[in-house]
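Q: This structure is in structure tokens; I'll ask about it shortly.
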Amino acid sequence: MSTVITAALADVRAQVWAAQVAVVRAGAATWTGGAADAAAVHRQEVLTDLRRCLDALDAADRLAEVARRAEQQCLPPRPLVHAGVAAWA
């Protein structure tokens, strides 16, 4: 289960990074007057929000790691086979 969550978080992180790139590239658009100022402010707000998303993803990654460790601790023991003799770990 934790591997599915980790993969989903990686997908979301990639999308947020792509959004950051798009916002930065949008800064190349030519605006004039008040529209230029408003666009710059809006771009900065969006980048700040995307940074918050990445921070939240970092926190989710930490939780996923805790879940992965807990998941491993809760797995039933697997039989160990040594020289044809099974034993429980």
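The values are calculated or read from the model by the stated rules, or taken from the named source; none is laboratory data. Remember, predicted model here, so these are calculated numbers, not experimental data. Positions of Cβ are backbone-derived with ideal geometry, glycine not excepted, and every protein chain shown enters the neighbour counts. Ligands, DNA and RNA are stripped out before the accessible areas are found, and what is left, the full protein with its side chains, is counted by its heavy atoms. Shrake-Rupley method; radii C 1.70, N 1.55, O 1.52, S 1.80 Å.
Q: Considering only protein heavy atoms and a probe of 1.4 Å, how much of the accessible area of region 30-69 is carbon and sulfur, as a whole percent?
A: 61 percent
Q: Pull out a ≥ b ≥ c, the square roots of the eigenvalues of the alpha-carbon gyration tensor of region 1-58, then state rounded if a/c is under 1.5, prolate if not and a/b is larger than b/c, and oblate in the remaining case.
A: prolate
Q: Which net charge results for the neighbourhood of residue 13, defined as the other residues with beta-carbon distances under 14 angstrom from its beta-carbon, given Lys and Arg at +1 and Asp and Glu at -1?
A: -1
Q: Can you tell me the FRET efficiency between residue 36 and residue 12 if r is taken as the Cβ-Cβ distance and R0 is 35 Å, rounded to the nearest 0.05?
A: The pair residue 36/residue 12 has a calculated efficiency of 0.65.
Q: Now for a separate question. Please give the charge dipole size of region 1-72, origin at the Cα centre, charges +1 on K and R Cβ atoms and -1 on D and E Cβ atoms. Round to the nearest 20 debye.
A: Dipole magnitude for region 1-72 comes out near 100 debye.
Q: To continue, here is another question. Quick one: ranking 13, 52 by accessible area, 1.4 Å probe, largest first, what do you get? If you can, show how the numbers build up before the last one.
A: Working: 13 35, 52 150 Å².
My answer, sorted largest first, is 52, 13.
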